[in-house]
Amino acid sequence: MLLRADPYTLTLKHRFSLASGSRTTTPCVLLEVNAGGFTGYGEASMPPYLGETQEGAMGFLASVESLLPQDPARLPPEGTEGLKSLLAAIDQSAPAHYAAKAAVDIALHDWLGKALGRPLHRLWGISPDAMPLTSYTIGIGDDDFVSARVKEAEAFRILKVKLGGGNDRNTIDSIRRATGRPLRVDVNQGWHDREEAARMVEWLSGQGVELVEQPFAKERADDTAWLRERSPIPLVADESAVRLPDLERIAGVFDGVNIKLMKCTGLAEARSMIARARSLGLRIMLGCMTETSCGIAAAAQLAPLADWADLDGALLISNDPFEGATVRDGRVTMPEGDGIGVRKKGRE
Ligand code: MG
């Protein structure tokens with residue numbers, strides 16, 4: 001199997017502001033696996049605050065090549081279940097590198113779906129008809145900036161807003177001057193005072209906000225559980241839950257979990273996380289980083305299993321090298337092609 005990795009810098013359409021800072025690009029590595037006349041695509045998207053770099057990902061991916069079977073016919077004929085031991089070996093070959101591992105996972109799944117002639121969601125018996133509405137993140141700025149972003153987001157029925165920057169009520173007021181659409185808010189660990197947080201969730205629920213993501217720092221499980229008892233709207237873990245073993249810790253602390261391929265090393269683990277989260281009574285959001293349509297199309301394969309989708313990543317960038325995952329009527333459309341179903345622009 002030939003593996004080809006290329007660093008690629010995603011250009012954001014608009015400056016992206018979070019409680020932790022703001023930026024205009026996202027480093028990424030695009031991956032291809034080639035074997036038996038099929039090409040599988042993958043990507044590692046690495047927002048800087050997560051600590052992975054293009055250089056680190058390139059080094060890891062170079063080390064992975066020797067773990068792949070030289071003869072693609074030795075890849076599992078029984079479907080994606082057989083990929084699990086290979087992906088586990090790759091995971092165990094080095095700590096961290098979550099996004100780079102996700103790139104390998106996505107590319108191998110895409111390759112296998114193409115080799116078997118089926119879209120992944122069909123292999124997994126997932127109905128594309130159950131696709132949940134997806135939210136679209138709008139940036140924060142003055143009223144003119146906000147109303148321009150709201151207009152831009154016309155195709156979306158739910159908007160997502162980043163809070164935790166210290167000006168939260170003004171931010172929501174500014175959005176409410178532009179639209180009455182339902183909102184989801186993501187605090188990105190930006191709240192500090194729990195009494196103030198309790199007043200905020202109460203106020204937000206009266207402002208048409210349907211959930212709050214990661215209100216406190218990830219270590220503050222006690223404060224989060226305290227807030228959850230008082231919150232009229234669900235609290236969803238993002239930074240507090242990265243991989244499968246984290247789910248046990250957040251059950252009873254949060255109402256739901258935001259599962260992202262770039263955090264959890266890809267589709268195989270995301271599928272296990274969805275099953276485990278359900279058994280723990282956690283609701284499920286399927287989220288993303290700023291990513292190309294490759295990562296989004298991969299996540300879309302699982303999205304019908306989620307309660308909430310947040311798969312706007314490719315729409316936030318201006319240099320998407322892939323096509324095949326679009327948004328229609330507030331929902332990501334399920335790609336129809338085999339594997340993850342995307343095409344590289346300019347290629348057959
Ligand atoms: Mg988040």
**Asked** Cβ-Cβ below 7 Å, separation at least six or inter-chain, first residue in segment 326-347 and touching a residue at least 60 places away in the same chain (Cβ under 8 Å) and at positive phi, second acidic (Asp, Glu) and buried (at least 20 other Cβ atoms within 10 Å of the Cβ): which pairs?
**Response** Gly339/Asp110
**Item:** All positions within segment 164-210 that are of a type in the set (Lys, Arg) and more than 19 Å from Asp310 (Cα to Cα)
**Value:** Arg169, Arg176, Arg177, Arg194, Arg199
**Request:** Give the residue, chosen from Ser93, Ser127, that is more than 30 Å from Arg157 (Cβ to Cβ) and either touching a residue at least 40 places away in the same chain (Cβ under 8 Å) or not acidic (Asp, Glu) (or both).
**Result:** Ser93
**Request:** Please list, ordered by first then second residue, the pairs with beta carbon atoms under 8 Å, 6 or more apart or interchain, first in segment 187-207 and free of Cβ contacts under 8 Å to residues at least 40 places away in the same chain and small (Gly, Ala, Ser), second away from the ligand (no atom under 16 Å from the Cβ) and assigned to a helix (DSSP H, G or I).
**Result:** Ala197/Asp223; Ala197/Leu227; Ala198/Leu227; Ala198/Arg230
**Asked** Considering only residues of segment 314-348 that are small (Gly, Ala, Ser) and in a loop (DSSP other than H, G, I, E, B), which is surrounded by the fewest Cβ atoms within 10 Å (Cβ to Cβ)?
**Response** Gly346
**Selection status of Cys288, farther than 20 Å from Ile138 by Cα, within 14 Å of the ligand (Cβ to nearest atom) and either touching a residue at least 60 places away in the same chain (Cβ under 8 Å) or within 11 Å of the chain's Cα centre (by Cα) (or both)** = no
**Request:** Of all residues in segment 67-104, count the ones that are within 26 Å of Cys288 (Cα to Cα) and either at pLDDT 95 or above or not acidic (Asp, Glu) (or both).
**Result:** 25
**Fill in**
Scanning segment 195-227 residue by residue, those of a type in the set (Gly, Ala, Ser) and over 29 Å from Arg181 (Cβ atoms) turn out to be Ala217, Ala221, Ala225
**Any hit, segment 24-36, residues being acidic (Asp, Glu) and within 19 Å of the chain's Cα centre (by Cα)** = no
**Message:** Restricting to segment 248-265, count the residues that are under 30 Å from Leu83 (Cα atoms), surrounded by 24 or more Cβ atoms within 10 Å (Cβ to Cβ) and touching a strand residue (DSSP E or B) at 6+ places or on another chain (Cβ under 8 Å).
**Reply:** 5
**Complete:** Of the residues in segment 245-299, those that are closer than 30 Å to Glu323 by Cβ and of a type in the set (D, E, K, R) come to Lys260, Lys263, Glu269, Arg271, Glu291
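The values are calculated or read from the model by the stated rules, or taken from the named source; none is laboratory data. From a predicted model like this one, the values you see are computed outputs, not experimental measurements. Glycine also receives a Cβ, built like all others from the backbone with ideal geometry; neighbour counts cover every protein chain displayed.
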